[in-house]
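The values are calculated or read from the model by the stated rules, or taken from the named source; none is laboratory data. This is a predicted model, so every value here is computed, not measured. Quick reminder, even Gly has a Cβ in these numbers, built from the backbone with ideal geometry, and neighbours come from all protein chains shown.
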Amino acid sequence: MQGKIFIIGYDSGQAQMDAIRSGEEAGAITQDPIGIGYKSVEAAVKTLNGVAVPKTIDTGSTGMTRLTLMIPSLPLCSINNGFQ
């Protein structure tokens, strides 16, 4: 592998998926919009009720590779998402 650069992108738009399918990118780390919404509302409700919330809230992310795009039944790789 010496002398090779592997590109890992961020997000999951069509251009990103096309780059992964073509081999231009090895994969991507994608956001979790449901987790983002859930954690945002949860933090807002806690704040309104006087409960302290952490300064940083992990909303989760998912890994996407050529394999996960080729096999629709293969679940995406969860990287750190306690919500799912």
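Look at residue 32 and say whether it is surrounded by 12 or more Cβ atoms within 10 Å (Cβ to Cβ) and in contact with a Gly (Cβ under 8 Å, 6 or more places away or on another chain). Yes; evaluated as a whole, the condition is true for this residue. The number of residues in the stretch 25-57 being modelled with pLDDT of 90 or more and of a type in the set (Asp, Glu) comes to 2.
Quickly run through the stretch 48-72 and pick out the residues that are surrounded by 11 or more Cβ atoms within 10 Å (Cβ to Cβ) and assigned to a helix (DSSP H, G or I). I'd like the intermediate steps shown before the answer.
Of the residues in the stretch 48-72, the ones surrounded by 11 or more Cβ atoms within 10 Å (Cβ to Cβ) are 53, 57-69.
Residues satisfying the conditions are 66, 67, 68, 69.
When each of 27, 13 is tested for being within 19 Å of residue 71 (Cβ to Cβ), without any contact (Cβ under 8 Å) to a residue 40 or more places away in the chain and under 15 Å from the mean Cα position of the chain (by Cα), the lone residue that passes is 27.
Has the stretch 12-24 got at least one residue that is touching a Pro at 6+ places or on another chain (Cβ under 8 Å), modelled with pLDDT under 90, surrounded by 13 or more Cβ atoms within 10 Å (Cβ to Cβ) and not in a loop (DSSP other than H, G, I, E, B)? Within the stretch 12-24, not a single residue is touching a Pro at 6+ places or on another chain (Cβ under 8 Å), modelled with pLDDT under 90, surrounded by 13 or more Cβ atoms within 10 Å (Cβ to Cβ) and not in a loop (DSSP other than H, G, I, E, B).
The residue pairs whose first member lies in the stretch 32-47 and is part of a helix (DSSP H, G or I), whose second member is loosely packed, with under 12 Cβ neighbours inside 10 Å, and whose beta carbons are closer than 8 Å, counting only pairs six or more residues apart or on different chains, are 35/84; 46/52.
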